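The values are calculated or read from the model by the stated rules, or taken from the named source; none is laboratory data. Bear in mind the structure is a predicted one, so any value in this text is a computation, not a measurement. For neighbour counting, all protein chains shown are included, and Cβ atoms are generated from backbone atoms with ideal geometry for every residue, glycine included. To get the accessible areas, we keep the full protein, side chains included, count just its heavy atoms, and leave off ligands, DNA and RNA. Shrake-Rupley method; radii C 1.70, N 1.55, O 1.52, S 1.80 Å.
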Amino acid sequence: MAESASRNFSKKLIEIDISSDTVCPWCFVGKKNLDKAIDASKDQYNFEIRWHPFFLDASAPKEGVNKKEFYRQKFGSRVEAMFRRMSEIFKGIGLEYDTSGLTGNTLDSHRLINYTGKQAPDKQHSLVEELCLGYFTQGKYIGDREFLAETAKKLGIDGAEVFLSDPSNGTTEVKEELEKYSQNITGVPHYTINGKVKLSGAQPPETFQSAFEAASS
């Protein structure tokens, strides 16, 4: 036990700040690749991961709208090819990409992620995983507060349902996080590692591992 604690103490710390949106499929792919890199590097480093908001479409409707129709209006004739491409990418990470269900504004999901980062920071990374699984593979609506609350409850995040019930809770914090971490970036996912190494896009695990090494030197 003492030997294990000693090894853990001697590891270098890797702090990762991630800007993302919960309806961004590349953000989820990037997370899965990051998780592979972390798993391959856990004997060398301890990790602290923090998720921050970004809005791909801040004007997206609060009420859920048909996902396929929403993206068809946004991207036109390109949308079917985009869906096929994402299906291929998701199969590569062992998941089925689901284009059914609703999409819309992601503010409530960011409120919950921010709340979790303060109340149960050790569960924030897992929360993002579960929200993305629901939205991208199970046809869940990311703006459905019942879905959000159920996901939080599943992970043992106390007080989430009451917090979400008041739409003013957490909005100021989300805005502050947006300004602090995401105002100078144009796309997501975006990663800042130990405050000095920056990566954008759904990078392969090997790229993350190289970034860990550079950031810890």
Can you pull out every residue in segment 114-123 that is under 15 Å from residue 163 (Cβ atoms) and either small (Gly, Ala, Ser) or open to solvent by 10 Å² or more (accessible area, probe 1.4 Å) (or both)? 114, 115, 117, 118, 119, 120, 123
What pairs come up if the first residue lies in segment 200-216 and is hydroxyl-bearing (Ser, Thr, Tyr), the second is at pLDDT 95 or above, and their beta carbons are under 6 Å apart, counting only those six or more places apart or on different chains? 200/190; 216/12
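With over 19 Å from residue 133 (Cα atoms) and without any contact (Cβ under 8 Å) to a residue 24 or more places away in the chain as the only criterion, which of 10, 41 stands out? Lay out the reasoning, then the answer.
Numbers: 41 fails: without any contact (Cβ under 8 Å) to a residue 24 or more places away in the chain.
Selected residue: 10, the only one of 10, 41 that is over 19 Å from residue 133 (Cα atoms) and without any contact (Cβ under 8 Å) to a residue 24 or more places away in the chain.
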Can you report the number of residues in segment 112-142 which are over 12 Å from residue 23 (Cα atoms), hydrophobic (A, V, I, L, M, F, W, C) and not in a helix (DSSP H, G or I)? 1
Find the residue count for segment 95-111, including only residues that are in a loop (DSSP other than H, G, I, E, B) and either under 10 Å from residue 137 (Cβ atoms) or open to solvent by less than 10 Å² (accessible area, probe 1.4 Å) (or both). 6
Residues to consider are 192, 151; find the one that is open to solvent by less than 40 Å² (accessible area, probe 1.4 Å), touching a residue at least 24 places away in the same chain (Cβ under 8 Å) and assigned to a strand (DSSP E or B). 192
Could you go through segment 23-31 and let me know if any residue there is outside any helix (DSSP H, G or I) and either surrounded by 17 or more Cβ atoms within 10 Å (Cβ to Cβ) or under 14 Å from the mean Cα position of the chain (by Cα) (or both). yes
